[in-house]
Amino acid sequence: MIEERRRYIRLETEINFTYKIKGAADPMEKATTKNISPGGIRGLLDAAIKKNDWLELSITLPSTKKPIPAIGKVIWTADKKAGKIDVGVKFEEIEPDMKNKFLEHICELMFSELERLRM
């Protein structure tokens, strides 16, 4: 039997964000999440990204005026296709008030899904 190691539930949703390797002079690349959790995001990124890379992230939530800055670590990679790679990024650094905004968005998504299921 496979042991479940996830700490948080994943919510399937598309949120725009930008990223680059931490400390690199490269411009930020655009991406969209496949799912999110309180601990991180999953998305399709440039195929040059590798497991254990540290990324600078800027996450744009529909409910916030300012993007949420964060630092994340690539925990896993899979499925290279058309120059992109599926990755899981764990949040390592995120300001508490920005993390609260992210968690509020997750709660709103969960509430909306529960309401949809009740109908």
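The numbers here are math on the coordinates, done by the rules we state, and not lab data. Everything numeric in this text was worked out from a predicted model, so none of it was measured. We place every Cβ from the backbone using ideal geometry, glycine too, and count neighbours over all the protein chains shown.
Report the paramagnetic label zone for D86: residues of the range 37-56 whose backbone N is under 17 Å from a point 7 Å from Cα along the Cα-to-Cβ axis.
Those under the cut-off are 37, 41-51.
In whole percent, what relative contact order does the range 11-118 give with Cα contacts below 8 Å and a gap of six or more residues?
Value for the range 11-118: 24 percent.
Given points 7 Å out from each Cα along the Cα-Cβ axis, report the K65 to E115 separation in nanometres with one decimal.
It works out to 2.4 nm between the two label points.
Using Cα atoms only, what is the angle between the long axis of helix 96-118 and the major principal axis of the chain, expressed in degrees (0 to 90) to the nearest 10?
Helix 96-118 and the main axis of the chain meet at about 50 degrees.
Counting Lys and Arg as +1 and Asp and Glu as -1, what is the net charge of the other residues whose Cβ lies under 12 Å from the Cβ of T18?
Result for the local shell: -2.
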